[in-house]
Amino acid sequence: MPRTSTLECPGCPPIRALTFDVLGLVKVTEARSKEGGIPKVVDRWGEPDSSKCILAASIDDRKSGPLLAIARKGGMIEILNPLNGHPCLSISNIIDNGPQPGDDAIVGLHLFKKQNLDLSSRSRTLLTCTTKGNASMRSVELTSSHADSTSSVSSRTWNVCASGNILCSQVDGNENYALFGGKGVEVNVWDLEQGTKIWTAKSPPKNSLGLFTPTWFTSATFLSKDDHRKFVAGTNSHQVISHGKFFFYAQMSSKENNILLVPEMQDFWNILRSSFLPLDPNSANVVRKQGSDVLHSTLLQRIADVRLYDISAQRRPVISFDFRETPIKAVAEDQDGYTIYIGNGSGDLASVDMRTGKLLGCFLGKCSGSIRSIARHPELPVIASCGLDSYLRFWDIKTRKVLSAVFLKQPLTNVVFDSNFAEEEVPSSVVDPPTEAQNTNETQESDEEEVQPLKRKKKSSKHSGSKKPKPKKRSKKAQDETVDDSS
Amino acid sequence: MGAKRKKTEEVGGDDEVGGGKKQILPSMIKNKEKRSAVHAKLKHQKKIEKRKKAKAREAAEKRALELGEEPPAKKIPHTIENTREFDETVCKPDDEELFAGNDADEFSSILNRKSDPKILITTCRFNSTRGPAFISELLSVIPNAHYYKRGTYDLKKIVEYAKKKDFTSLIVVHTNRREPDALLIIGLPDGPTAHFKLSKLVLRKDVKNHGNPTSHIPELVLNNFTTRLGHRIGRMIQSLFPQAPNFGGRRVVTFHNQRDFIFFRHHRYIFESKESKQGDSKGNKDKDAKGEKSSRGKVVARLQECGPRFTLKLISLQHGTFDTKGGEYEWVHKPEMDTSRRRFFL
């Protein structure tokens, strides 16, 4: 019989995730049954078109009126209803005299959860940021007719960085502060109410050989919902000098001028060779001490690191943690406020405790492509990761094992969870998150009430870390349901 | 001594009676003489059984043919390719996302014949003896290829230079211990970078009865690139060659993928009509053919191998041009992915 070591993939708890890919498609993946459900793609919105590649996405998954905002390649921003994919609004981010959207692609997008209750029409605020640093905050009106309207109530644009490219931007849990960072741009934190920059990071000092590490932040996230002062940023890989002693027996052969090596040294040269570094084995950075066969050498390694910054403490990183060689492409925070999940360019996913800077463990699951986005489910201990290998994988946080993997045929750029997905008592009918947008027969509120306590009994309560303040929303829902039913 | 003898006798007796299916294996007998005798007997038995089965099969087939019925179906042996683990990333013919993805990818302009491929070949920094020979052969295989010496330029600078001069692909031949051992194919302007491991290289002069390739545009044969990753690599290889093959030139280049190894062969072929024992040749014939590929019909194609022969294995596929620093990988091989011997990625 063939020797196989297949992992038994336990199924997923009921979850619903939306993924976005380079062809502009939004795919909805759901896992149905309570335990042991296999996620399947239930829906696909949009037509495959590479000029509409989705670059950023943000979901506001409140119970009433959830919205999903996505930013496409040509500078278009669309707001969709995450339940059925119908577009509510589409705006163009193109500034008339500004740079073309080809050069100035949107990098970050955030749909604010706060809502002005006194305005009768619903208006939502969006924060967008482009690579050249043009950040703009605009509020758009969502009229009750679901037409593609390009009305925009107000917008405010400012420039975040003078030079360099912005690669990551995030808004904190209370939605008052935003951070931006990128290539050649140190991480800076802005106050959104006043529109001022309140803090800029400082790069770590020169190391012993006088080498600077270039500033290149590829991803960042705030560490916890309530605290805007601490955040974690991941960088690109840079060269780091490490000294070491290698025991070997070297013989210089005059013909080829190569060093014949014994196996212990082979790894050293393999690292060098594989990273195509310009180190010459004959050159001066390989020094031979006379007498002993000890080589004191310098090894140039590529390291990408993850840094924790604290605004209230200092401008340099508080804790810095090295992680492998390829750039850190995605960082996601956990609700407990100190664990983060990082994903890098070769598909390694790991969880780190940022209080100590210790690696808690890697998630092993045959991920072969760069991880572009990680999402943490607000209630269940599940994270989803998606990347360039076109797979969406669900992982269990505690055991760090794959719950399941779904093949979605295009390289994926973002994933978000729709956390209002609740399980019904009748398993055969279609399960929909209980909102007013779907005309369903059952009473949604009662369903939700039933299921929520069930869920809470099963799993340990995570109220402190939950994204939306639940009790507040429920009372609001009771109010809003009458108002919003008209849509 | 006595105990041992008893044990082996018992074992021998059991073995004769049982079918060998019980746990008494020859390897459990400690006595070498006895063990080898038991093993030889076992083998002899198996041989007799096999012969009996084969005879029975032949007889059944002959009988069926005589009676005019259908012979019993031939059994197909299990091979690794037959029992390959099911891969959900295999390209299906009706997948519209696949076609959309193809239109959108980096090679579509070449494959749609909107632009012609232009290849730049270079080496790694430390040149060696067999490198240039292989490169000159590559230059003859791939039409419209140019060779530039490496010097000490950074690979990124070379990429920029190639972009400026409108090259569509860059191939870097990397040598290790005086043998070429890796091939880096970089698509331009922002194409993916494929890193292959090169092995079993046989140069043209070492091929027996080799032929000399002409300069006609070759026909390209890409076998067995089934999964999405394989499809992408197949398109990348296809984009190295011009898309207007000259069938009159009778020149074919084959990339055959089997078990994640890509075998490269380069042949010239001629068609011959084989009516009776003496062969009639149509067209010119340079030397004696090395391999014969004969079909059951009258017309056969004879192949003559020319050009180098090597195998490639994909190590990693990077999104974007070669970039160790900011590189994102679309596919990189990790040891944890080898969960079974029947799992392949291309």
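Brief remarks follow.
- Within the stretch A:359-375, residues that are more than 11 Å from chain B (Cβ to nearest Cβ) and farther than 28 Å from B:PHE344 by Cβ have Cβ atoms under 6 Å from residues that are buried (at least 16 other Cβ atoms within 10 Å of the Cβ) and of a type in the set (Phe, Trp, Tyr) in these pairs: A:ILE374/A:TYR341; A:ALA375/A:PHE417, counting only partners at least 6 apart in sequence or on another chain.
- Exactly one residue out of B:ALA64, B:ALA73, B:ALA104 is without any contact (Cβ under 8 Å) to a residue 12 or more places away in the chain and closer than 26 Å to B:GLY187 by Cα, and it is B:ALA104.
- Answer residue from the stretch A:299-312, given it is touching a Lys or Arg at 6+ places or on another chain (Cβ under 8 Å) and more than 14 Å from chain B (Cβ to nearest Cβ) and is surrounded by the most Cβ atoms within 10 Å (Cβ to Cβ) among those: A:TYR309
- Members of the stretch A:162-178 that are on the phi < 0 side of the Ramachandran plot and modelled with pLDDT of 80 or more: A:SER163, A:ASN165, A:ILE166, A:LEU167, A:CYS168, A:SER169, A:GLN170, A:VAL171, A:ASP172, A:ASN176, A:TYR177, A:ALA178
- Considering residues of the stretch B:205-237 that are charged (D, E, K, R) and within 14 Å of another protein chain (Cβ to nearest Cβ) only, the residue farthest from A:LYS409 (Cα to Cα): B:ARG232
- Flag if B:ASP87 is over 12 Å from B:PRO180 (Cβ atoms), acidic (Asp, Glu), modelled with pLDDT of 80 or more and assigned by the TED database to the domain that holds B:LEU183: no
- Tally of residues being at positive phi and modelled with pLDDT of 90 or more across the stretch B:150-165: 0
- In the set A:SER283, A:SER292, only one residue is at pLDDT below 85, surrounded by fewer than 14 Cβ atoms within 10 Å (Cβ to Cβ) and within 14 Å of chain B (Cβ to nearest Cβ); that residue is A:SER283.
- Contact map, the stretch B:238-250: residues that are surrounded by fewer than 18 Cβ atoms within 10 Å (Cβ to Cβ) paired with residues that are modelled with pLDDT under 85, Cβ distance under 6 Å, separation 6+ or inter-chain. Pairs shown: B:GLN243/B:ARG113.
- In the stretch B:68-96, the residues that are in contact with a strand residue (DSSP E or B) (Cβ under 9 Å, 6 or more places away or on another chain) and charged (D, E, K, R): B:GLU81, B:GLU85, B:ASP87, B:GLU88
- Residues within the stretch B:304-345 that are among the hydroxyl-bearing types (Ser, Thr, Tyr) and facing another protein chain (nearest Cβ under 7 Å), tallied: 4
- Residue in the stretch B:189-199 that is within 15 Å of B:LEU240 (Cβ to Cβ), within 14 Å of chain A (Cβ to nearest Cβ) and touching a His at 6+ places or on another chain (Cβ under 7 Å) present: yes
- Leading residue by the ranking (modelled with the lowest pLDDT) among those in the stretch A:179-193 that are over 10 Å from A:ILE166 (Cβ atoms) and of a type in the set (A, V, I, L, M): A:LEU192
- Count of residues meeting criterion [in contact with a strand residue (DSSP E or B) (Cβ under 7 Å, 6 or more places away or on another chain) and modelled with pLDDT under 85] in the stretch B:128-148: 3
- Among the residues of the stretch A:316-355, those identified as among the charged types (D, E, K, R), surrounded by fewer than 23 Cβ atoms within 10 Å (Cβ to Cβ) and either part of a strand (DSSP E or B) or within 14 Å of another protein chain (Cβ to nearest Cβ) (or both) are A:ASP322, A:ARG324, A:GLU325, A:ASP348, A:ASP353.
- Residue list for the stretch B:46-76, filter: surrounded by 10 or more Cβ atoms within 10 Å (Cβ to Cβ) and in contact with a helix residue (DSSP H, G or I) (Cβ under 9 Å, 6 or more places away or on another chain): B:PRO71, B:PRO72
- Checking each residue in the stretch A:387-404 for being within 9 Å of chain B (Cβ to nearest Cβ) and either over 17 Å from the mean Cα position of the chain (by Cα) or of a type in the set (D, E, K, R) (or both) picks out only A:ASP389.
The values are calculated or read from the model by the stated rules, or taken from the named source; none is laboratory data. As the structure is a prediction and not an experimental result, all values here were calculated from the model. Because the Cβ atoms are built from the backbone with ideal geometry, glycine has one as well, and the counts that use them run over all protein chains shown.
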